[in-house]
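All remarks here apply to the structure that follows.
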Number of protein chains: 2
Amino acid sequence: MHEIRTGFGDVLKRQLELAERNYELLADHGVRAVNVMGAIGSGKTTLILRLAERLRARGLRVGAIAGDVAGDDDFKKFQAAGLPSALINTEDQCHLDPHRVRHALQEFPLAEVDVLFVENVGNLVCPADFPLGCEQEVVVISVTEGDDMVRKHPKIFAQTDVVTINKLDLAEVVGVNPQRLVEDYRRVNPHGRVVLTDAKSGRGVEELLSALGLAE
Amino acid sequence: MHEIRTGFGDVLKRQLELAERNYELLADHGVRAVNVMGAIGSGKTTLILRLAERLRARGLRVGAIAGDVAGDDDFKKFQAAGLPSALINTEDQCHLDPHRVRHALQEFPLAEVDVLFVENVGNLVCPADFPLGCEQEVVVISVTEGDDMVRKHPKIFAQTDVVTINKLDLAEVVGVNPQRLVEDYRRVNPHGRVVLTDAKSGRGVEELLSALGLAE
């Protein structure tokens with residue numbers, strides 16, 4: 001393990017450089033990108049589809065990149081919605097990294113989109129360590145995960161300035177108080193914005209768009 | 001850590017050796033250990049508590065190790081239930097590894113337990129790569145995660161012979177057909193056992209105990 005620890009700082013530095021190059025590539029094409037993180041099943045895909053509907057209703061062109069360990073379920077959903085989209089299967093890797101995202105961006109029709117959602121692998125730990133070069137980041141929590149999500153993963157919440165607490169309509173059924181999550185988040189990130197959503201019904205999606213600076 | 005491909009084979013070999021030492025330590029004390037894996041919020045803790053109740057009703061002594069990136073919510077639940085228990089906070093690591101588990105075992109009152117549940121970090125990717133030395137492994141899925149969980153993580157399901165599909169009572173509310181998960185699992189692991197549970201109500205817990213070889 002020792003030699004790996006020695007080299008890990010270099011790996012992170014390299015990731016940051018790659019992320020910066022992605023940021024520039026996106027900026028060159030006038031694309032605003034959002035890194036959408038959150039655990040498996042938190043509702044990231046549905047939320048992206050809802051956000052995309054509202055952006056397209058405003059005349060904006062929206063694309064999506066689906067990041068998953070395996071499978072193409074989310075990618076197919078983006079395609080079915082008519083979004084220019086790409087799939088990144090990470091195989092053994094539990095997070096997207098800027099190198100893989102760069103390859104996807106290089107083949108993506110960036111000239112045809114204004115907003116690009118990058119759906120990260122479902123995981124609340126490692127995506128926090130790998131910036132992708134997106135101008136915005138959001139973490140999606142589902143109330144079905146329990147009220148201890150923030151306490152269990154303080155790092156990703158401390159460094160992410162937009163959080164959405166999703167599947168709000170199930171809060172009562174699962175006996176979770178969303179305010180507990182809100183309070184825990186404010187404790188680790190007093191300046192962050194937190195939005196309550198229910199992606200299926202569309203509740204809160206407009207506020208989330210606003211929190212991401214995409215509403216205007 | 002997974003980026004560092006050079007040397008990773010050696011790391012895995014070392015992990016396997018450490019896992020074997022844990023296995024021997026547990027066997028020396030006559031402790032049967034179960035590595036409980038699954039995504040965040042899949043219901044691992046509640047399921048362990050239900051299994052523990054039934055084992056204790058049979059006169060068996062049960063302990064638990066709570067693995068989390070941060071926080072002590074699950075550990076406190078084990079303590080409140082009167083189980084000898086330990087907490088492993090992995091900080092930046094998205095999975096338990098046999099080295100950390102070994103340290104926990106060395107301080108654990110192994111002579112006072114017959115069955116030990118080791119609750120892994122909530123993540124469906126990396127725990128698959130790190131054997132802990134437990135004689136049994138189980139992956140917990142919650143229906144609230146969607147019906148694509150197995151397709152997105154074939155590896156962990158292919159190598160784990162007991163799977164439980166939990167929060168069954170919410171299947172209708174979230175519009176997920178558990179049979180889809182069962183079929184996907186059978187496709188990647190034809191010899192595995194799959195049990196439908198609802199940990200909160202106790203439904204299916206007896207079958208799970210049986211699937212884990214702990215019912216007799």
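Structural remarks
- Flag: residue B:150 does not match the condition of being touching a residue at least 40 places away in the same chain (Cβ under 8 Å) and either crowded, with 21+ Cβ neighbours inside 10 Å or in a strand (DSSP E or B) (or both).
- The range B:93-136, residues that are in contact with a His (Cβ under 7 Å, 6 or more places away or on another chain), in a loop (DSSP other than H, G, I, E, B) and in contact (Cβ under 8 Å) with a residue 60 or more places away in the chain: B:120, B:124, B:130
- You will find that of A:118, A:113, the residue that is over 25 Å from residue A:150 (Cβ atoms), among the β-branched types (Val, Ile, Thr) and touching a Gly at 6+ places or on another chain (Cβ under 9 Å) is A:113 and no other.
- Hits in the range A:153-177 - residues which are more than 17 Å from residue A:47 (Cα to Cα), in a loop (DSSP other than H, G, I, E, B) and in contact with a Ser or Thr (Cβ under 9 Å, 6 or more places away or on another chain): A:176
Per-residue answers, yes or no, for (1) within 27 Å of residue B:60 (Cα to Cα); (2) more than 9 Å from chain A (Cβ to nearest Cβ); (3) under 15 Å from the mean Cα position of the chain (by Cα):
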{"position": "B:147", "(1), (2), (3)": "no, no, no"}
{"position": "B:159", "(1), (2), (3)": "no, yes, yes"}
{"position": "B:164", "(1), (2), (3)": "yes, yes, yes"}
{"position": "B:176", "(1), (2), (3)": "no, yes, no"}
{"position": "B:195", "(1), (2), (3)": "yes, yes, yes"}
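- Subset tally (residues that are surrounded by fewer than 16 Cβ atoms within 10 Å (Cβ to Cβ) and outside any helix (DSSP H, G or I)) for the range A:204-216: 3
- Sole residue being surrounded by fewer than 24 Cβ atoms within 10 Å (Cβ to Cβ) and among the β-branched types (Val, Ile, Thr), chosen from A:115, A:125: A:115
- Residue match in the range A:5-25 (condition: away from chain B (no Cβ under 14 Å) and within 30 Å of residue A:170 (Cα to Cα)): no
- Filtered residues of the range A:30-74 (kept if crowded, with 24+ Cβ neighbours inside 10 Å, within 10 Å of chain B (Cβ to nearest Cβ), among the β-branched types (Val, Ile, Thr) and assigned to a helix (DSSP H, G or I)): A:45
- The single residue among A:174, A:205 that is more than 20 Å from residue A:121 (Cβ to Cβ) and modelled with pLDDT under 95 turns out to be A:174.
- Members of the range A:185-195 found to be in contact with an Asp or Glu (Cβ under 8 Å, 6 or more places away or on another chain) and either assigned to a strand (DSSP E or B) or crowded, with 16+ Cβ neighbours inside 10 Å (or both), listed by number: A:189, A:192, A:193, A:195
- Matching entry among B:90, B:46 (being of a type in the set (Ser, Thr, Tyr) and in contact (Cβ under 8 Å) with a residue 60 or more places away in the chain): B:46
- Residues located in the range B:164-184, provided they are in contact with a Leu (Cβ under 7 Å, 6 or more places away or on another chain) and surrounded by 19 or more Cβ atoms within 10 Å (Cβ to Cβ): B:164, B:165, B:166, B:168
- Residue in the range A:121-143 that is away from chain B (no Cβ under 12 Å) and at positive phi present: yes
- In the range B:121-162, the residues that are under 17 Å from residue B:95 (Cα atoms), in contact with a strand residue (DSSP E or B) (Cβ under 8 Å, 6 or more places away or on another chain) and acidic (Asp, Glu): B:137
- Scanning the range B:72-130 for residues that are touching a helix residue (DSSP H, G or I) at 6+ places or on another chain (Cβ under 7 Å), modelled with pLDDT of 95 or more and small (Gly, Ala, Ser) yields B:81, B:85, B:86.
The values are calculated or read from the model by the stated rules, or taken from the named source; none is laboratory data. Note that the structure is a prediction, hence the values are computed from the model and not measured. As a convention, Cβ positions derive from the backbone with ideal geometry for all residues, glycine included, and neighbour counts pool all protein chains shown.
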